[in-house]
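Here's the structure, in structure tokens; my notes come after.
What follows draws every value from the coordinates through simple rules; no lab data is involved. Bear in mind that the values here come from a model prediction, so they are computed numbers and not experimental data. Glycine gets a Cβ as well: all are built from the backbone with ideal geometry, and neighbour counts include every protein chain shown.
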Amino acid sequence: GLCPALKEDIEIFLDQSVTDYVNFIKQYKEDTATLKNAEKLKKCADDKFTEEDKESIKSLLEKIEASIGC
């Protein structure tokens, strides 16, 4: 399956606020450039992703987790 930190990252990225996502990233990398990039990426995704897009991503992740090869 997916690495637990990656799985948590994706869940926070898709379902929580920009602040929550940046705070999550801060646990791993606290430099200004990384945090600004994380904030920009999250804001862009929030502006572009529809609920259908988010559900498709979640469905793909479930399939990966359920795969015998993973």
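For the reader, a short list of remarks on this structure follows.
- Pairs of lysine residues in the chain - Cα separation under 18 Å, sequence separation of 8 or more or cross-chain: 19
- Convex hull volume per residue in cubic angstrom - Cα atoms of the chain: 81 Å³
- Label sites at Ser56 and Ala33, each approximated as a point 7 angstrom past Cα along Cα to Cβ, lie 3.3 nm apart.
- Point-charge dipole on Cβ atoms (K/R +1, D/E -1) for the chain, about Cα centre, debye to 20: 280 debye
- Farthest toward the positive end of the dipole of the chain, out of Leu41, Ser59, Gly1, is the Cα of Leu41, where the dipole comes from beta carbon charges about the Cα centre.
- Theoretical ellipticity at 222 nm over the chain - DSSP helices of four or more residues, -39500 (n - 2.57) apiece, nearest 500: -24500 deg cm²/dmol
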